[in-house]
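Below is one structure, written out as structure tokens, with a few remarks after it.
The values are calculated or read from the model by the stated rules, or taken from the named source; none is laboratory data. All of these numbers come straight from a predicted model, not from anything done at the bench. Neighbour counts run over all protein chains shown; Cβ positions are idealised from the backbone, glycine included. Just the protein is used for accessible areas: all its heavy atoms, side chains included, with ligands, DNA and RNA removed. Shrake-Rupley method; radii C 1.70, N 1.55, O 1.52, S 1.80 Å.
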Amino acid sequence: MRRIIAPSILSADFGHLDRAVRMLDRSSAEWVHVDVMDGVFVPNISFGFPVLKAVRKATRKLLDVHLMIVEPERYVQRFAQAGADMVTFHLEACADPARCIALIRASGARVGITIKPATPVETVRKWLQIVDMVLIMSVEPGFGGQRFIPESLDKIRALRRMAADSNPALLVEVDGGITLQNAREIFDAGADVLVAGSTVFGAEDPETAIYDLLHI
């Protein structure tokens, strides 16, 4: 399995976002994670299309866009057009996941699906063959800086077992509470991609923090 660090710019200094993204572009992080919140699906509001376009100009890295919004099918193509390489939506927020997946594919982006901590991992099984990634939320979506939910490790292991037969190339991403103390355990459970916000941007040297997460 690969090891990829995807720093979340939700934890960056918004007053110097260009500088933060260009730092990520120099770093050993392969992806840049962008959390999009609408204030409805989650109780917070973050980035929209103009910010994503600006981030796209500042980095060559893969833009990993996590939509925490209702009716994601209305917007997925616009996010792809704004620069997203991977568009991930919540199954809990979507009435017709098959249509949403098809729309993302048609836009040329890669497809991810995600579930909240309380949603059983079995929910994703029927979609595994037609998506590129499943994101396991290891905190409640909506805010950074939360503690990792230990039960998420069991969901990661179960997901990896499910994917072994239906889609061995599936990427497993984990988002929430990632630290230098738990990163290795999460990778060992079967994760390929770790989203890290506070651990990266709260560090004295963010580039070193990214390297340390990757080589833990």
**Report entry** Rounded if a/c under 1.5, otherwise prolate or oblate - the range 37-149, Cα gyration tensor axes
**Finding:** oblate
Report summary line: Once both label points are put 7 Å beyond Cα along the C-beta direction, the Ala95-Leu128 separation in nm becomes 2.9
Query raised in the report: Between Arg157 and Ser28, what length comes free when the chain is fully extended (0.36 nm per residue of separation minus the Cα-Cα distance, one decimal in nm)?
Result: 43.8 nm
Requested in this report: Pop a pseudo-label 7 angstrom from the Cα along the beta-carbon direction at both Arg19 and Leu180 and give the gap in nm to one decimal.
Outcome: 2.3
Report summary line: Contact order relative to length for the range 7-139, counting C-alpha pairs under 8 Å separated by 6 or more residues, stands in percent at 18
Query raised in the report: Based on the Cα gyration tensor of the range 82-216, what are the three equivalent ellipsoid semi-axes, each the root of five times an eigenvalue, rounded to whole Å and given largest first?
Result: 25, 17, 14
**Report entry** Helical mean residue ellipticity (222 nm; -39500 (n - 2.57) per DSSP H run of 4+; nearest 500) of the chain
**Finding:** -9500 deg cm²/dmol
Query raised in the report: If contacts are Cα pairs under 8 angstrom and at least 6 residues apart, what is the relative contact order of the range 69-201 in percent?
Result: 19
Report task. Work out, step by step, the length gained on full extension between Glu140 and Gln81: first 0.36 nm times the residue separation, then minus their alpha carbon distance; give nm to one decimal. Result -> 18.4 nm
Report summary line: Length-normalised contact order of the range 106-184, Cα under 8 Å, at least 6 apart, in percent, tallies to 34
**Report entry** Solvent-accessible area per residue, Å², over the chain with all protein chains present [probe radius 1.4 Å]
**Finding:** 44
Query - Share, in percent, of DSSP beta bridges within the chain that are antiparallel, nearest 5 - result: 5
Report summary line: The FRET efficiency for Ala102 and Ile45, from their Cβ-Cβ distance with R0 = 25 Å and rounded to 0.05, is 0.35
